[in-house]
1. So in segment 202-244, with the set limited to residues that are among the β-branched types (Val, Ile, Thr) and part of a helix (DSSP H, G or I), which one is nearest to Thr157 (Cα to Cα)?
2. Among Phe41, Phe9, which is the only one that is buried (at least 16 other Cβ atoms within 10 Å of the Cβ), in contact (Cβ under 8 Å) with a residue 12 or more places away in the chain, closer than 16 Å to Ser152 by Cβ and among the aromatic types (Phe, Trp, Tyr)?
3. For the subset of segment 9-41 comprising residues that are among the small types (Gly, Ala, Ser) and under 20 Å from Ile163 (Cβ atoms), which member is modelled with the lowest pLDDT?
4. Among Lys103, Lys142, Lys98, which is surrounded by fewer than 16 Cβ atoms within 10 Å (Cβ to Cβ) and in a helix (DSSP H, G or I)?
5. Collect the residues in segment 165-201 that are among the charged types (D, E, K, R), closer than 18 Å to Pro15 by Cα and assigned to a helix (DSSP H, G or I), keeping them in residue-number order.
6. Given the residues Lys227, Lys268, Lys254, which is the only one that is of a type outside the set (Gly, Ala, Ser) and touching a His at 6+ places or on another chain (Cβ under 9 Å)?
7. Among the listed residues Leu118, Leu150, Leu75, identify the single one that is touching a strand residue (DSSP E or B) at 6+ places or on another chain (Cβ under 6 Å), of a type outside the set (S, T, N, Q) and not in a loop (DSSP other than H, G, I, E, B).
8. Report whether or not Ile129 is of a type outside the set (Asp, Glu) and touching a residue at least 40 places away in the same chain (Cβ under 8 Å).
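The values are calculated or read from the model by the stated rules, or taken from the named source; none is laboratory data. The structure presented is a predicted model; accordingly, all values stated were derived computationally and were not measured. Every residue, glycine among them, receives a Cβ derived from its backbone with ideal geometry; neighbour counts consider all protein chains shown.
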Amino acid sequence: MKQNEAGQFSEPLYPYITPNNLEKQLIQSKPLRRLKHLAHFGAGSLVSSVVHSRFEHTVGVWKLTSFFFPEDIELRVAALLHDIGHLPFSHAVENTLKFNHHKLTEQYILEDEVSSILQQFNINPYKIIGILNEPSVITGKKDILGIDHLDSFFRDTYMAGNIEILPKHLLHKIRCTSKGIDTDIETGHYLLKLILSDHKLFLSPQMVAVDRLLAESIILHWSVDDKINKNEFARLTDLDVVSMLKTSPSCKAKELINILLFESDKIKINNIKTGEGYPISIRKVYSKVPLCEGEPLTECSNEARGIMHNLDDLSFDLEVVITSE
């Protein structure tokens, strides 16, 4: 393989997987390349060290899928395409702005660039959409951890400096069954601790606050710019959005993006809602667990149940304000 091709499929967490010709073409498509310019950690990437993109995450999900299911080409393709519908800054603005990245993913798979590549290799685009729209080993079935989230927890904690063992040194202890991730009890506890560590960061009031402020700045921009096309917005990159907000006709939108970029110390969390800021809340947290010899880890481990209880304790209902200090 040419050096530049190898580099596009290389990252530090997992063993190298050799892509086939279909996967090489998909990774060069515009919908996949765009993911390089979307922060996986949302607006949190502006104020934290967790700065990897949706592209690295996608390569990770593809590598894990290929590691566990090397002969399932359609599943490998679904892993590569599972995130192409994400908005700028990923989940940061999706709910607030009333988008659905799953529907956008479906739309982009059916458009000519991706669908023509798939059809060239006798892959039906609707078959890939079907895999992504149903519970699978990528998403994890029911309450079981899947490949997609496994990579997220590995990658986020690695970037935050909170990982003790590189995933490539754990894979021999991890399997993926038809239900999702299965491992031994010790490794299962380690995975749950990574999930808790990741949630303590990305569901912290400060990280939720910066997502809310970014979404608010976009809403303020839209309120004074009637030229906004939501379909076009969904295809922008993070840099496009930052540039848009820095030159917004809304002074408040410009102020908020400037604070996110350069003055994050002005972002404060109020434990009591005063009505002077923006409400932020987390009421539901992650609840999927790995299997241990075919059974959910929480059914055979008090320690696992304790970790999941600690996850529940992360919920909050607060307010973010901007100070003048």
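1. Residues of segment 202-244 that are among the β-branched types (Val, Ile, Thr), as a first pass: 208, 210, 218-219, 224, 228, 237, 241-242.
If we keep only those that are part of a helix (DSSP H, G or I) as well, we get 208, 210, 218-219, 224, 241-242.
Working: Val208: 17, Val210: 19, Ile218: 29, Ile219: 31, Val224: 39, Val241: 26, Val242: 26 Å.
Residue satisfying both the conditions and the ranking: Val208.
2. Numbers: Phe9 fails: closer than 16 Å to Ser152 by Cβ.
Phe41 is the lone residue from the list that is buried (at least 16 other Cβ atoms within 10 Å of the Cβ), in contact (Cβ under 8 Å) with a residue 12 or more places away in the chain, closer than 16 Å to Ser152 by Cβ and among the aromatic types (Phe, Trp, Tyr).
3. For segment 9-41, the residue satisfying everything is Ser10.
4. Testing whether each residue is surrounded by fewer than 16 Cβ atoms within 10 Å (Cβ to Cβ) and in a helix (DSSP H, G or I) leaves just Lys103.
5. Lys168, Lys173
6. When all the criteria are applied, what remains is Lys254.
7. Leu150
8. Values: of a type outside the set (Asp, Glu): yes; touching a residue at least 40 places away in the same chain (Cβ under 8 Å): no.
The answer is no for Ile129.
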